[in-house]
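The values are calculated or read from the model by the stated rules, or taken from the named source; none is laboratory data. Quantities reported herein were computed from a predicted structural model and do not represent experimental measurements. Using ideal geometry, Cβ is built from the backbone for each residue, glycine included, and neighbour counts are taken over all protein chains shown. Calculation scope for accessible area: heavy atoms of the full protein, side chains included, ligands and nucleic acids excluded. Shrake-Rupley method; radii C 1.70, N 1.55, O 1.52, S 1.80 Å.
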Amino acid sequence: MKGFIFDLDGVIVSTDGLHYLAWKQMADKEGIYFDEEINNRLRGVSRMASLEIVLERASRQYAEEEKVALATYKNDVYRELLKNLTPKDILPGVTEVLEGLRARGYKLAIGSSSKNTPAILKYIGLEGFFDAVSDGNNITHSKPDPEVFIKAAAFLDLPCEQCYVVEDAKAGVDAGKAGGFITIAVGDACGYEKSDYSIRHFEEILTIAK
Ligand code: B16
Ligand code: MG
């Protein structure tokens, strides 16, 4: 194995609380019911697909232009909230694992559905750290489609079978398996039976990678 591809939200940094606040603000504005359980279904899902899930509770149909306006509204709120992120928001064990893997010669990449990946990496001080970044800006199919990870492996110049994918979303684990990667499930996806490994503590990655 030569590479590691990390999902961003829920793996490197937890932005789901910020996604929640932004979707909630949009839903309240429209008088649509929204709660944390619905927010959990948005993990790893693209912005427009997330909007469709939020609109399941709407009392009327929305035209395509209205949907774009709602997604833009949510993203503007979300981007304002992202400005509060700092390197202290990097999740426990992540820095040690990234440094440990790099010392062992692994190539490291990000594989995220988020179009806000460059801004998030900048705020948490990891801009320029990864050998490759594949994100919502370079894909046409969202997870569980493997495109984002296949592109990450290509950016690293490695075959998919030689890369691990680390994910917190079941849709992300499905994407990893569909692409032929070895998957490691963390956080919300921990215990997901389709994953090759499940870990409770991020540092366990250093045991798996040897
Ligand atoms: P954006 P990940 C995903 O990031 C989030 O988990 C998901 O909730 C979000 O809708 C998606 O990015 C798109 O984000 O609106 O910023 O483009 O987990 O794939 O790193
Ligand atoms: Mg995630």
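Given the residues Val166, Val173, which is the only one that is among the β-branched types (Val, Ile, Thr) and farther than 18 Å from Ile90 by Cβ?
Unique residue meeting the criteria: Val173.
Going by the conditions given, is Leu42 out of contact with any strand residue (DSSP E or B) (no Cβ under 6 Å at 6 or more places or on another chain), more than 12 Å from ligand 1 (Cβ to nearest atom), open to solvent by less than 60 Å² (accessible area, probe 1.4 Å) and not in a helix (DSSP H, G or I)?
Taking the combined requirement at face value, the residue does not satisfy it.
Give the number of residues within the stretch 45-85 that are over 28 Å from Val173 (Cα atoms) and part of a loop (DSSP other than H, G, I, E, B).
Of the residues in that region, 8 qualify.
What number of residues within the stretch 88-121 are assigned to a helix (DSSP H, G or I) and out of contact with any helix residue (DSSP H, G or I) (no Cβ under 7 Å at 6 or more places or on another chain)?
Our first condition is that a residue be assigned to a helix (DSSP H, G or I); within the stretch 88-121, this holds for 88-89, 94-103, 117-121.
If we keep only those that are out of contact with any helix residue (DSSP H, G or I) (no Cβ under 7 Å at 6 or more places or on another chain) too, we end up with 88-89, 95, 98-99, 102-103, 117-118, 121.
Within the stretch 88-121, residues that are assigned to a helix (DSSP H, G or I) and out of contact with any helix residue (DSSP H, G or I) (no Cβ under 7 Å at 6 or more places or on another chain) number 10.
In the stretch 129-146, is there at least one residue being in contact with a Ser or Thr (Cβ under 9 Å, 6 or more places away or on another chain), within 19 Å of Arg43 (Cα to Cα), among the hydrophobic types (A, V, I, L, M, F, W, C) and assigned to a helix (DSSP H, G or I)?
no
Please specify each residue of the stretch 131-146 satisfying the condition of being more than 14 Å from ligand 2 (Cβ to nearest atom) and touching a residue at least 24 places away in the same chain (Cβ under 8 Å).
Asp131, Ala132, Val133, Ile139, Asp145, Pro146 - these are the residues of the stretch 131-146 that are more than 14 Å from ligand 2 (Cβ to nearest atom) and touching a residue at least 24 places away in the same chain (Cβ under 8 Å).
Can you work out which of the residues in the stretch 14-47 that are in contact (Cβ under 8 Å) with a residue 60 or more places away in the chain and more than 10 Å from ligand 2 (Cβ to nearest atom) is nearest to Thr72 (Cα to Cα)? Let's see the steps before the verdict.
Looking only at the stretch 14-47, we keep the residues that are in contact (Cβ under 8 Å) with a residue 60 or more places away in the chain, and these are 14-15, 18, 21, 40, 43-47.
From the residues that got through so far, the ones that are more than 10 Å from ligand 2 (Cβ to nearest atom) too are 18, 21, 40, 46-47.
Numbers: Leu18: 15, Leu21: 15, Asn40: 20, Ser46: 13, Arg47: 9 Å.
By that ranking, first place goes to Arg47.
Sort out which residues of the stretch 172-210 are among the aromatic types (Phe, Trp, Tyr) and not in a loop (DSSP other than H, G, I, E, B), and write them in order of number. First the steps, then the outcome.
Looking only at the stretch 172-210, we keep the residues that are among the aromatic types (Phe, Trp, Tyr), and these are 181, 192, 197, 202.
Tyr197, Phe202 - these are the residues of the stretch 172-210 that are among the aromatic types (Phe, Trp, Tyr) and not in a loop (DSSP other than H, G, I, E, B).
Considering only residues that are in contact with a Phe, Trp or Tyr (Cβ under 7 Å, 6 or more places away or on another chain) and closer than 20 Å to Ile150 by Cβ, which ones fall in the stretch 184-210?
Of everything in the stretch 184-210, those that are in contact with a Phe, Trp or Tyr (Cβ under 7 Å, 6 or more places away or on another chain) and closer than 20 Å to Ile150 by Cβ turn out to be Ile184, Ala185.
Kindly establish whether Thr86 is out of contact with any strand residue (DSSP E or B) (no Cβ under 9 Å at 6 or more places or on another chain), farther than 28 Å from Leu158 by Cβ and open to solvent by 10 Å² or more (accessible area, probe 1.4 Å).
For Thr86, the condition - out of contact with any strand residue (DSSP E or B) (no Cβ under 9 Å at 6 or more places or on another chain), farther than 28 Å from Leu158 by Cβ and open to solvent by 10 Å² or more (accessible area, probe 1.4 Å) - is met.
Answer with yes or no whether Glu96 is open to solvent by 10 Å² or more (accessible area, probe 1.4 Å), among the acidic types (Asp, Glu) and either in contact (Cβ under 8 Å) with a residue 60 or more places away in the chain or away from ligand 1 (no atom under 14 Å from the Cβ) (or both).
Answer is yes for this residue.
Given the condition surrounded by fewer than 19 Cβ atoms within 10 Å (Cβ to Cβ) and among the β-branched types (Val, Ile, Thr), answer yes or no: does some residue in the stretch 138-159 qualify?
The answer is yes, given that some residue of the stretch 138-159 is surrounded by fewer than 19 Cβ atoms within 10 Å (Cβ to Cβ) and among the β-branched types (Val, Ile, Thr).
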